[in-house]
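Engineer: Could you have a look at this structure, given as structure tokens, before my questions?
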Amino acid sequence: MSNVDNARPMPGGDDRDADRYEQLVSRHFDGLLSAEESHELGALAATDPARARDFARRSMFHQHLRATLRLEHEYAGRAPDAVGHARGRWRFGGESAGMSGWAGRAVAIVLAVAVGVAGVGWLATSSSSSSSRSIEADVPGAVSSAPPFAVLNAAVDDVWADSNVGLSLRHGALPRGPIRLVSGRVEMLFKSGGTAVIEGPAVFEPIAANALELSEGSARCHCPSKGTELRVVTPATTVTDLGTEFLVSVGSNQQTRLAVTEGSVRIDGGGGSRLVHEGEAFVIDQEGWKDDIGFLKDEAKVAKLRDADRDIFERFPERLADPNMHGVGSGSLPEMGQRASLDPRTTGWMASGGSDGIVRVEPVGGSAVQIHSRGSVYWPLVAQEVVTGDIDGQLVVFEAVAAQPANDLLSGRQCAIVKIEFIDANRRMIGDAQRHFLRAGTPVNRYVAGMIAAEAPAGTVAVRAFVLLNAFGGKTGSIIVERASLVVASED
Amino acid sequence: MLLLSRLWSEAQPVVAAMIAGAVVDFQHSEDLVSQVAETVVMKFDDYDRSRPFTPWALGIARNIILRHYERRAGERLVFFDDRILSAMAIAQEQVAGESAERLAAMQKCLAQIKGKTRRVMEMRYLHGLKPAAIGHSLDMTTNAVWVMLHRGRDAVSKCIGRTLMAAEGEGTA
């Protein structure tokens, strides 16, 4: 299929069928065929395997064309929902203490989805610098697209109806319109400082810097301090968080269930307004409010995120080779796929994905790795793989300490990401977890910790630990990784 | 659920492409992909893990496309029957592995499309407008819009071919 939209004879079948197929298929994807012509086209394709594959390639081509244009649209910052604001006013509450346990989809895998490849997460993060230049042309200077008013903060086992939505969110963008989370959990961070952990299946849409519309599914909302506010708009009511934590759920009958676990909230709807306090729960519909204490009792197991308890790891050694980066020396780290260690239990530190291919190690006041954006539209990274043996069900915690340097600030949607991947005996990635931290606008030259914790799925024999930069095509912007550790909790 | 997440991530582009071929209205096709995703999650316990996942998901997609046709039987829709959809599902699975380099090249090649052709392609693919609506907006005939789309896609496709050939040459040098 050298030219998917170019009329040419197809191998196999007679010339008349081939000509007719070309006539029809070239108009099919623009919706210019009648139902009868479509059926004729289908019959021509289905009766010849070569033609069927040609049709499949054309379908993929059109799907990619749409996905690529959408992606470029996001990069160019032309999305109407991208709310501009000055760097420095963007606050992300609690990011330096990102301690919640998460397992989620990986940036690399989402990229693999975007390019239609299965199982190449390890390689995908380092792919195609040529494509980055084509997109960069639309991005003048540093990252032009300011963060939207809500961003993805973390994810656990998230499955999106449209994987392009997941890709956009992982790039720090906010797709327009309602977002359908098929399963899993995601944490959205709002510009107001509030967070919402949304449990799939759910349909939701961040509609303002302090407002989430929830059409279906459950969300646990948290405002870390007074002065932050988060409203949740459901079909039956509006719940306003007043510096507290509550759970809200919308069923298929559009009934809203609300449980307050801390502080108080105000609800408007169901025939009036009232305050709801800690320990209270209601169901709200068009007929009004009713007590729903059962929901409060059940909520503890819904969308509950547990911070990793650091004390339980004290007895266990750091598993990474050279966690303090003393041995990285100067110059370049080995490329991904090459071993940097003779120790069979670990690959040592490797790097990939910068616009110039390899992440440079530069003198930054001691042993550290500096990950540069340099126009990459992907996620340049440092990583190492550690052989763990069977750790089924054990909690794995990866923590990296990083800073943004004053002379090469993060901007726009750029951020750091910590991520772990679980590998089975067949070298397949069977699970992963990630958390975003260290965003543009946070203090410079100050090291902060990004941590993820996730249970190893059955079959895990190795763990890959990554620190990535969501570069977002910026010519500038870098992070300095000063140390990292990977620990596995005891079974007892 | 991690396994489901992983498997669906691999299958989703293939499923989306198959649906894009069978239902050319972007809005409808995206709704159908969502329906497939939901069904995959609901029926995941029925999935035989000793067998490949993507064909199983494509089978669900085929059924959902057929139901979509049935629901909208009175409208002027693209129509493929079960036999055709089954053949397309097989073909889609066969070509799934070819697309990675093509997509990377597409990003580069699309950047070379400028001016009115680019605008028309954005109206078609980004905003989902049909050629008639694009023509109305740009004061062009539907056929003229189609010709412009056709030439734009052809240029992208040829560029992808050249790019991949050049890459192969570099790889063997």
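Engineer: What about B:MET106, is it part of a helix (DSSP H, G or I), more than 8 Å from chain A (Cβ to nearest Cβ) and of a type in the set (A, V, I, L, M, F, W, C)?
Structural biologist: Here the answer is no, as B:MET106 does not meet what is asked.
Engineer: Same structure again: Among the residues of the stretch B:23-39, write down those that are within 8 Å of another protein chain (Cβ to nearest Cβ) and either touching a Cys at 6+ places or on another chain (Cβ under 9 Å) or not in a loop (DSSP other than H, G, I, E, B) (or both). Step through it out loud before you land on a result.
Structural biologist: Initial filter on the stretch B:23-39 (within 8 Å of another protein chain (Cβ to nearest Cβ)): B:24-26, B:30, B:33-34, B:37-38.
Hits for the stretch B:23-39 are B:PHE26, B:GLU30, B:VAL33, B:SER34, B:ALA37, B:GLU38.
Engineer: Looking at the stretch A:176-219 only, could you name the residues that are crowded, with 19+ Cβ neighbours inside 10 Å and at positive phi?
Structural biologist: Hits for the stretch A:176-219 are A:GLY184, A:GLY193, A:GLY217.
Engineer: Output the strands (runs of 3 or more DSSP E) that fall wholly within the stretch A:326-402 and possess 1 or more residues being among the charged types (D, E, K, R), in the same structural domain as A:GLY459 (by TED's automatic domain parsing) and at pLDDT 85 or above, or say none.
Structural biologist: A:381-387
Engineer: Quick one: how many residues across the stretch A:415-442 are under 16 Å from A:THR476 (Cα atoms) and either outside the structural domain of A:ILE371 (by TED's automatic domain parsing) or within 13 Å of the chain's Cα centre (by Cα) (or both)?
Structural biologist: Number satisfying all stated conditions: 2.
Residue-by-condition table, conditions (1) touching a helix residue (DSSP H, G or I) at 6+ places or on another chain (Cβ under 9 Å); (2) buried (at least 16 other Cβ atoms within 10 Å of the Cβ); (3) modelled with pLDDT of 90 or more:
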residue: B:LEU85; (1), (2), (3): yes, yes, no
residue: B:GLN94; (1), (2), (3): yes, no, no
residue: B:CYS109; (1), (2), (3): yes, yes, no
residue: B:GLN112; (1), (2), (3): yes, no, no
residue: B:GLY128; (1), (2), (3): yes, no, no
residue: B:LEU149; (1), (2), (3): yes, yes, yes
residue: B:GLY152; (1), (2), (3): yes, yes, yes
residue: B:ALA167; (1), (2), (3): yes, no, no
residue: B:GLU170; (1), (2), (3): no, no, no
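Engineer: In addition: Can you pull out every residue in the stretch A:193-208 that is out of contact with any strand residue (DSSP E or B) (no Cβ under 6 Å at 6 or more places or on another chain) and closer than 18 Å to A:VAL233 by Cβ?
Structural biologist: Hit for the stretch A:193-208 is A:ALA208, nothing else.
Engineer: Restricted to the stretch B:66-79, and to residues that are modelled with pLDDT under 80 and under 19 Å from A:LEU24 (Cβ atoms), which residue is surrounded by the fewest Cβ atoms within 10 Å (Cβ to Cβ)?
Structural biologist: That would be B:ARG76.
Engineer: If you take the residues in the stretch A:24-62 that are among the hydroxyl-bearing types (Ser, Thr, Tyr) and closer than 18 Å to B:SER86 by Cβ, which one is nearest to the chain's Cα centre (by Cα)? Write out each step before concluding.
Structural biologist: Taking the stretch A:24-62 first, the residues among the hydroxyl-bearing types (Ser, Thr, Tyr) are A:26, A:34, A:38, A:47, A:59.
Subset that is closer than 18 Å to B:SER86 by Cβ: A:38, A:47, A:59.
Details: A:SER38: 38, A:THR47: 41, A:SER59: 26 Å.
Residue satisfying both the conditions and the ranking: A:SER59.
Engineer: Looking only at the stretch B:8-52, which residues are in contact (Cβ under 8 Å) with a residue 12 or more places away in the chain and small (Gly, Ala, Ser)?
Structural biologist: Those that are in contact (Cβ under 8 Å) with a residue 12 or more places away in the chain and small (Gly, Ala, Ser): B:ALA11, B:ALA16, B:ALA17, B:GLY21, B:ALA22, B:SER29, B:ALA37.
Engineer: Select from the stretch A:433-451 the residues that are more than 14 Å from chain B (Cβ to nearest Cβ) and under 17 Å from A:GLN384 (Cα atoms) and write down the one among them that is surrounded by the most Cβ atoms within 10 Å (Cβ to Cβ).
Structural biologist: So, considering only residues that are more than 14 Å from chain B (Cβ to nearest Cβ) and under 17 Å from A:GLN384 (Cα atoms), the one surrounded by the most Cβ atoms within 10 Å (Cβ to Cβ) is A:GLY450.
Engineer: Kindly evaluate B:SER5 against the criterion of being touching a helix residue (DSSP H, G or I) at 6+ places or on another chain (Cβ under 9 Å) and either closer than 21 Å to B:ASP82 by Cα or touching a residue at least 12 places away in the same chain (Cβ under 8 Å) (or both).
Structural biologist: In short, no.
Engineer: Being farther than 23 Å from B:PRO13 by Cβ and either in the same structural domain as A:LEU438 (by TED's automatic domain parsing) or hydroxyl-bearing (Ser, Thr, Tyr) (or both) is the filter here; which residues of the stretch A:165-204 pass it?
Structural biologist: Answer for the stretch A:165-204, where residues must be farther than 23 Å from B:PRO13 by Cβ and either in the same structural domain as A:LEU438 (by TED's automatic domain parsing) or hydroxyl-bearing (Ser, Thr, Tyr) (or both): A:SER192, A:THR195.
Engineer: Turning to a different aspect of this structure: Take the conditions in contact with a Pro (Cβ under 9 Å, 6 or more places away or on another chain), modelled with pLDDT under 80 and in a loop (DSSP other than H, G, I, E, B) and apply them to A:SER144. Does it pass?
Structural biologist: Working: in contact with a Pro (Cβ under 9 Å, 6 or more places away or on another chain): no; modelled with pLDDT under 80: yes; in a loop (DSSP other than H, G, I, E, B): yes.
Here the answer is no, as A:SER144 does not meet what is asked.
Engineer: So, in the stretch A:158-199, exactly how many residues are assigned to a strand (DSSP E or B) and under 25 Å from A:HIS64 (Cα atoms)? Can you show your working first?
Structural biologist: First, pick out the residues of the stretch A:158-199 that are assigned to a strand (DSSP E or B): A:158-160, A:179-190, A:195-199.
Okay, now just the ones that are also under 25 Å from A:HIS64 (Cα atoms), so A:158-160, A:179-183.
Residues flagged as assigned to a strand (DSSP E or B) and under 25 Å from A:HIS64 (Cα atoms) within the stretch A:158-199 amount to 8.
The values are calculated or read from the model by the stated rules, or taken from the named source; none is laboratory data. Nothing here was measured: the structure is a model prediction, and the numbers come from that model. In this analysis, Cβ positions are derived from the backbone assuming ideal geometry, glycine residues included, and neighbour counts consider all displayed protein chains.
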